[in-house]
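Okay, structure first, notes after.
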Protein chains: 2
Amino acid sequence: MNHLKLSTSLFFLLFSLLILNAQNGHNVWLQNKKAKTVNVVSSKESPTLNIAKNELNQGWLGTDGATITLTVKRNKSLKQDGFILNENGITANTDLGILYGTFELLRRQQTGESTSNALSIPSYDQRILNHWDNPNGSIERGYAGNSLFWRYGKDSLTVTDSDIKLWQEYARINASVGINGSVLNNVNASPMILTSGYLQRVKAINDVLRPYGIKTFLSIKFSSPSLIGGLETSDPLDKNVIKWWRDKVKEIYTLIPDFGGFLVKASSEGQPGPQDYGRSHADGANMLADALKPYNGIVMWRAFVYSPTDEDRAKQAYTEFAPLDGEFRDNVIIQVKNGPIDFQPREPFSPLFGALKETAIMPELQITQEYLGHSTHLAYLAPMWKEFLESDTYQEGEGSTVAKTTDGSLFDQKLTAIAGVANTGLDDNWTGHTFAQSNWYAFGRLAWNHELTSEQIADEWLKLTFGPFSLENKNYDVDFDEQAWNTNFLNPVKQMMLDSREAIVDYMMPLGLHHIFSPNAHYGPGPWYGPARARKDWTSLYYHQADSLGIGFDRTPTGSNATIQYEEPLRSQFNNIETCPEDVLLWFHHVPWDYKMKSGKTLWEELCYHYDTGVHKVRTFQTIWDKAKPYVDHERFYEVQTKLRRQARNAIVWKDACLLYFQEFSNTPIPYDIERPLHNLEDLKISTMKRPLDYNN
Amino acid sequence: MNHLKLSTSLFFLLFSLLILNAQNGHNVWLQNKKAKTVNVVSSKESPTLNIAKNELNQGWLGTDGATITLTVKRNKSLKQDGFILNENGITANTDLGILYGTFELLRRQQTGESTSNALSIPSYDQRILNHWDNPNGSIERGYAGNSLFWRYGKDSLTVTDSDIKLWQEYARINASVGINGSVLNNVNASPMILTSGYLQRVKAINDVLRPYGIKTFLSIKFSSPSLIGGLETSDPLDKNVIKWWRDKVKEIYTLIPDFGGFLVKASSEGQPGPQDYGRSHADGANMLADALKPYNGIVMWRAFVYSPTDEDRAKQAYTEFAPLDGEFRDNVIIQVKNGPIDFQPREPFSPLFGALKETAIMPELQITQEYLGHSTHLAYLAPMWKEFLESDTYQEGEGSTVAKTTDGSLFDQKLTAIAGVANTGLDDNWTGHTFAQSNWYAFGRLAWNHELTSEQIADEWLKLTFGPFSLENKNYDVDFDEQAWNTNFLNPVKQMMLDSREAIVDYMMPLGLHHIFSPNAHYGPGPWYGPARARKDWTSLYYHQADSLGIGFDRTPTGSNATIQYEEPLRSQFNNIETCPEDVLLWFHHVPWDYKMKSGKTLWEELCYHYDTGVHKVRTFQTIWDKAKPYVDHERFYEVQTKLRRQARNAIVWKDACLLYFQEFSNTPIPYDIERPLHNLEDLKISTMKRPLDYNN
C-alpha cells in the first residue's frame, strides 16, 4: 500500500512537471514568468489601465516590492501613442500609451535593456493587420489553421466564451508590440460581411479588442450595393449607391462607434471596382471616404492592380495610380505592396513609393509566407522588410527612403499607416511555425519603430520567446548560465534567423528571378509552368524569359521600360547591366548565360552556386538547431527540427528543379564542385504538379 | 522540290545515324565492331567451331587479312576447357575450348593485352548460373523484367523464333565469359517443371545452348513424387519414390542426353525435404545422385537451411551439414552461400568452407542484387566475391582460402563448381542497370579464373562495354583520344565501380550490421522491423540487438558461440573484440556505444561517419558519371544518371533511418560535422513500409 501511495504521488508530481513544462507556443513572446511583486500607482482607472496594472503584476522582474506610477498627461512630443519610461514609472498621453509603455518596460526587464528615461513614439499612426479570413473560416494564404474570427457552420455567428478568450489573447499579443488595427476579413471580400449577423459579430470582436487599443476594419466588396443591397448598379457616382453606402456606414457606426473603416481591393484580379462603371479609382475611394468621414473612418484603397493585356505587370500599379495623385480625399490612403509584382522573396520596391506626393500611401507587407515556404520554411522576414523600408527612392533627393516617404517625414500627410497580411490562425502556436511568431513580432516592432535593426528585433524575440524567465522553458529552472546561453543558443540561432530569408532567395529565386513557383500553391518550384491557355502573366515563362541566349525580364528601355517609373539616379543604375545590383539583375535585364558577374563567374555558374548555397545554408540551420536542443523544450524543438528537415528536402527540390530546367536553355554543365541533382527534371515536373504542397514530403 | 529532296535525304541520313547510335545495352560487353578481315583455318567442322569462326570474322581487330588456325588436339595440361593462344591461332582439347579461346583472343584485341602464348584453364569445372525463374514467367529477386525461359499464358510452352533468338544471344554472352551451365528454374521449385510439357521446352532450350557449351539443369521440388507422381510419400528411402525418380531421370535423359542434373533446396524455408520423413540431407541427396549417376548427372544440394527455433541462424548450416561430411555420393556437391546468413552486403565467409573435407562443396554467389539495391543501386560485386574467395579458412593451415577449399587444390574432389544467382531478365539490357552487366561478366570471369583482380575485370568490362571499338558508341567514330579517354572516363569510372560495394555497406550496414532491411523487398531500411508475431529470425531486431548499452550480435562464447565453427586462429581473432576486424565487429560482438574504435572515435561516432561516408561516396559517383557524359551514348548515360540520383536519395534515407533509429538507443547526438538528417524517423517507418521499393522515389 505504501508503495502504491508513493507511486501515485510520484505520478502526480511527474504529471505536474509535465504540465508545467508543456510548451505549445501559445504564449508566443509573452511567456509566463516568475514575477516579483510590484506596487502600481495610478491616478485613474480604466479597462486599459487595468490591463496595464495586471501585466505589471504578472510580469514584473525589477526590484522586488518596487513602486511604479502610471501617469496620463498631455505631452505633445509623444504624439498619439508615445510614452516615456523613467525609474518611477510610465508617462503617456493616453491610457493606451501607458499600456504600450508597460509592455516596453517589461520587455526591457527581460532583455536586459535600460528602463530609465526612454522616450518612444511610433513611426506609423496606424499599425494594422490584414486578415485574409473568409466568412466560412478558411484563410487565403493561411498556414496556421482556420480563422480566429470566423468559422464554418450553422452556429458560426454565435459568440462563445472561448471566442472571447481567444480574441482577448490575440488583442493582448498585438498590443504588446503596438499593433492597433485589425482588418477582420479577406480583401477578396464576401459581400455578406456587411449583413447584420456578421456586423453583430464584428461588434463583439471590437468590444473585446477595444481596451487593448485595437480598432476593427472590414474589407468590402465594391459591388455590395448590387449584391446585397438590391440596387441595379454599384456605380460609385450613382445617387442610390452613394446613399446605400452612407446608410451602411451609419448602421456600422451605430453598432461600433470606434469602427476603423474599409479596406478595398477593387478592379483587381477579377474583383469588381469603379472601372466596371467607367469610373476611376479616385471616384470609388472618395465616395466611400465621404461616407466614412463623419465618423473619422478611413479608406485603405489597394494599388494591387494589373491586367493580362499589359506587356509588363510590374508597371501597372504605377501606370494606373500615378496620374491620380492629389485626387484622393484626405481620409483615403493608398495601400501598396512592397514590390511591384507580388510579395516575392526579393523584389525592388514599388515605384509608387515616393511618386505619389499628394496622396497618403501605406506599405502592405506580407507576414504570412505565401511565397517564402508557408509555415514550413524558417524565414525571419525583418531583413526583407528593412531592405524595403531603407530603399532610397530618390524622389525628394538622396535619402528619400521608402520609410520616409510613408511615415510623414517627407510628405505632409494626415494619415500614416502600415499593414501586414497576418500569419495567424487557430493553431495552438498561432502561426504554424514557431519562428513565424517572430514575423508577427517583427511587423509590430517595425510598425512602431522602423529604425530598429533586424538583429535587435531577433535578439528581443529570442530572449522573450526562449529566454530564461519563462516558466515553461524548463531548462532554466535552475542554474541559468547566461554566457553559455548566449554562445550556444542566442547568437547562433539569431544568426540563423538573420540568414534565413537570403537562404530562401538563394534556393528559390536568386539574382532577381521571381514568380517561378508551381501554380496556385506558391510553394514548390514550377519554372516550366506555362500552359498554352493560361494567362501569360500567371505563368513562370513570362517572368523568367529563359531562352538559349540568356535569362531574365528586360525592363530597361530595350524591353518593357519599367525602369522609367524609378527616379534618377536609380533609373540609370537599373538600366545599366554593369551598375544594376546583382541581387535584382534578372528582374531588370535579360542576361546572357556567359555574362561575367562581379565574382568572375559566368551568370550560369553564379546561378548554380546561389542555388547550392541556399541548400547548404539550410543544412547549417539544421546543425545550429540540433545543437540548440539543450536550450529548448521538447515540443518546440521537435517541431522546428522536423520543419527544417522538410525545408532542407524542399531546398534540394528547388535547386534541382531550377538548375535542371534552366540547364535546358544554358546547355552548360552544372559546375562539378556542386553537389549533383538528386532528382530528375521529368519526375519533378510531374510531382510538384500532383502534390503542390510538398514533393518529397 | 530540290529542297524537299534534300530534306528527305538529310532526314534519312540523320535517321541512319540515330539507328547506328541507338544503344540500349542489349549487346552487353559484346558490342558490334568495325572488324577487319581474317582468314580462319580449321581442320574440322562443328556447330561450336562454326560459332568460333563467325565470332572471329565479326570481331577481328588484329592485322587485316591475317590467318588464324584453330587446332583441336589432346593436351592434358589444358584440363577440360582450357586453351592456348599463340600468334598463329588457338589450340584446345575440345571445340568448346576453341570457342573460349576465340572470345579471349577477341577480348585481348580490344583491351590491348598481348595475344601470344597465353595459356588459360578454368578454376572451376562447372560455372553455373542459377535462374530463380518461375514457370509463370516471374523471377524471384529479379529486377530486370520477366524470365528469358518461361512465360505466363496459355501458349507459354510454345517455342517461338524470338525465343530461339533470345536464347542464342543469352548462350553467346555466357560462353564469352566461360559460363557452362544454367539452372533454368527457381530453387523454390514448382513440381510442374518435371512434367512433359516443361521438359519439352527444356529440351528446346538445351538444343539452342548446346553448341555454346552450356548444360541445362533443373531445380526440383523434393516432394514431386507425391505432388505429380501420385505416390503417397516422397520419402527418399521408399522403393516407389526411388523408382519414380529413376524413371523421371530416364525420361529427361531420353529427351536431353547431355542434361546436367538437379539443384535442390530441401528442408529449408518451408520447402519439403528428407527431414519431413525423418531422413538426412545425405539420404535425400544420395537417392537423387544414384538416379542421375548412370547419365553422369549431378546433384547440387543447397546448405541454406535454418529453423526458427535455433538461437542463431548463422550457425545452422554448419550444425546440420558438418556431421554429414563424407556421407555424400561423389556426384553430389553441396552448394553453400558465401556467408552464413543470406547474401548480405558484407558477411564473414560461411564456416562450412574448408570444414567439409570429404564432401565436394561449391560457393553460391548472388549476382542479382537482392540485398544491394536491386537494379537501381550501382554495385560492382567483384570486390565482394574476391573478399570471400580470398578469405583464409585456416582449415588446412594458413593460406587455406575459400577459393582453394573449393577449386580442388586443397581437397581431392571429383567435382568443382561455382554458382551465381543470375540477374538476367527480359529487359532490353538484360540486367536492368547497365552496370549490373558487369556482375554477370565478373561472375563468369572469376568462375573461370578466381585469381583475376576486381580491378582487371572492371578494366576489361569498361573497355569492352563503353570502349572505342563499338559501332554504337558514337563518340568514337572519329578521333578517339586514348589518353583523354583513360583520364576522363576509364580511370574514374573504374574507381567508382571498385568503391561501389563498400559505399553500399557504408550507407546500409557498416561495421558488420546485417539484415536490417524492411521486410520482403529487401531494398529500403527497416532496422525497427520486429512485429510481435513475426518469426524472430525474420526480424531486424534479432540481427542488430540494439539496446541502451550497445549494438551487435554476440556470437562469441558469451553469446551464441557461432565462432566455434571457425578454425583457429580465426576463432580467437573473432572472439576478441580487440582483434576482431572492425568491418565485421557487430556481426560477432555486442559492442558498447562508447567503445573506442581504432580511429579513436566511439562506436556510435564511427557508425555515424560510416553512414555519412556512404552518402558522400554516392555523391562522388554522381559527379564522376556526370563528367563522363561526353564518353557515353545518351541512352545509357541517362539511365545510369537517373539511377545514381535515386541511389543518392536512397542512401540518405538509409542513413537517416538507421542513425535516427539507433540514436534512440545510443541516446547521443549525431556528430555535428555530419550532415543532418533530412527525414523524420516516424515518417520513414511509415513510408518504407508503405512503399517498400523506394521511399522517396
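The values are calculated or read from the model by the stated rules, or taken from the named source; none is laboratory data. Given the structure is predicted, the values throughout are model-derived calculations rather than measurements. Note that we place each Cβ from the backbone using ideal geometry, even for glycine, and neighbour counts take in every protein chain shown. Heavy atoms of the whole protein, side chains included, go into the accessibility calculation; ligands, DNA and RNA do not. Shrake-Rupley method; radii C 1.70, N 1.55, O 1.52, S 1.80 Å.
Which of rounded, prolate or oblate describes region B:266-395 when judged by the alpha-carbon gyration tensor and an a/c cut-off of 1.5? Because a/c hits 1.5 or more and a/b exceeds b/c, region B:266-395 counts as prolate.
Per-atom-type breakdown for region A:538-607 gives carbon and sulfur 56% of the accessible area (1.4 Å probe, protein chains only).
A straight line joining the Cα centroids of region B:242-281 and region A:517-531 runs 63 Å.
When the surface is traced with a 1.4 Å probe over the full set of protein chains, B:E482 keeps roughly 110 Å² accessible. If you average the alpha carbon positions of region A:61-99 and of region B:65-132, how far apart do those two centres end up, in angstrom? Comparing the Cα centres of region A:61-99 and region B:65-132, I get a distance of 102 Å.
For the protein assembly as shown, the residue among B:Q395, A:Q573, A:V640 whose Cα projects farthest onto the positive side of the dipole built from Cβ charges is A:V640. Estimated at 0.36 nm per residue, the fully extended path between A:T558 and A:L681 surpasses their Cα-Cα distance by 41.0 nm. Between copies, the label points at A:E232 (set 7 angstrom from Cα along Cα-to-Cβ) are spaced 10.4 nm, reported in nanometres from shortest to longest. For the set A:W244, B:W485, solvent exposure ranked by accessible area (probe 1.4 Å, protein chains only) runs largest to smallest as A:W244, B:W485.
Pairs of Cα atoms nearer than 8 Å and 6+ residues apart set the relative contact order; for chain B it is 12 percent.
How would chain A be classified by its alpha-carbon gyration tensor: rounded, prolate or oblate, with rounded meaning a/c under 1.5 and the a/b versus b/c comparison settling the rest? Cα axes put chain A in the oblate bin.
With a 1.4 Å probe and every protein chain kept in, tell me what percent of the accessible surface of region B:38-120 is carbon plus sulfur. The C+S portion of the solvent-accessible surface of region B:38-120 is 45 percent. The residues of region A:130-182 expose on average 39 square angstrom of accessible surface per residue, using a 1.4 Å probe on protein heavy atoms.
The other copies place their B:D64 label points at 10.5 nm from this one, listed shortest first, where each point is 7 Å from Cα along Cα→Cβ. Rounded to the nearest 500, the helix-only mean residue ellipticity at 222 nm of chain B stands at -12000 deg cm²/dmol, with each DSSP H run of n ≥ 4 adding -39,500 (n - 2.57). Contact order for region A:511-623, expressed relative to its length and based on alpha carbon pairs under 8 Å spaced 6+ residues apart, stands at 22 percent. Sorting B:R302, B:R210 on solvent-accessible area from highest to lowest, probe radius 1.4 Å, gives B:R210, B:R302. Of the residues making up region A:617-637, those losing 10 Å² or more of accessible area when the isolated chain is joined by the remaining protein chains, with a 1.4 Å probe, are A:R619, A:Q622, A:T623, A:D626, A:K627.
Take the convex hull of the alpha carbons in region B:126-453; its mean projected area over all directions comes to 15.8 nm².
The convex hull drawn around the Cα atoms of region B:567-673, when projected onto a plane and averaged over every direction, covers 9.4 nm².
Note on the protein assembly as shown: Cα Rg divided by 2.2 N^0.38 Å, N the number of residues, gives 1.15. Loop-resident trypsin sites (Lys or Arg not before Pro) (DSSP state other than H, G, I, E or B) in region A:367-434 with no more than 16 further Cβ atoms inside 10 Å of their Cβ: A:K414.
The 1.4 Å probe gives accessible areas that order B:S116, A:S599, largest first, as A:S599, B:S116.
Between B:L541 and B:N32, take the C-beta separation as r, use R0 = 56 Å, and let me know the FRET efficiency to the nearest 0.05. The formula returns an efficiency of 0.60 here. Computed with a 1.4 Å probe over protein heavy atoms only, the accessible area of A:E396 comes to about 90 Å². Place a point 7 Å from Cα of B:E251 in the direction of its Cβ. Which residues in region B:124-145 have their backbone N less than 18 Å from it? Within reach of a label on B:E251, which here means backbone N under 18 Å from a point 7 Å along Cα→Cβ, region B:124-145 contributes B:135. Interface residues of region A:651-688, defined as those with an accessible-area decrease of at least 30 Å² between the chain by itself and the complete set of protein chains (probe 1.4 Å), are A:Y672, A:E675, A:R676, A:P677, A:L678, A:N680. Counting only protein heavy atoms and a probe of 1.4 Å, the accessible surface of region B:126-453 is 47% carbon and sulfur. A:D276 exposes around 100 Å² of accessible area when a 1.4 Å probe is run over every protein chain in place. Which distances in nm, rounded to one decimal and ordered from shortest, link the label point of A:V159 to the equivalent label points in the other identical copies, with labels set 7 Å from Cα toward Cβ? Shortest to longest, the spacings are 9.2 nm. Accessible area per residue for region A:38-120 is 44 Å², calculated with a 1.4 Å probe on protein heavy atoms, without ligands, DNA or RNA. Considering only alpha-carbon pairs that sit under 8 angstrom and 6 or more positions apart, the relative contact order computed for region B:273-335 is 40 percent. Projected onto its three principal axes, the C-alpha set of region B:38-120 covers 32, 25, 16 Å, listed from the longest axis down. Remark: accessible area buried at the B-A interface is about 2300 Å², both chains counted, probe radius 1.4 Å. Entry comment: accessible area of region A:189-282 is 37 Å² per residue, from protein heavy atoms only and a probe of 1.4 Å.
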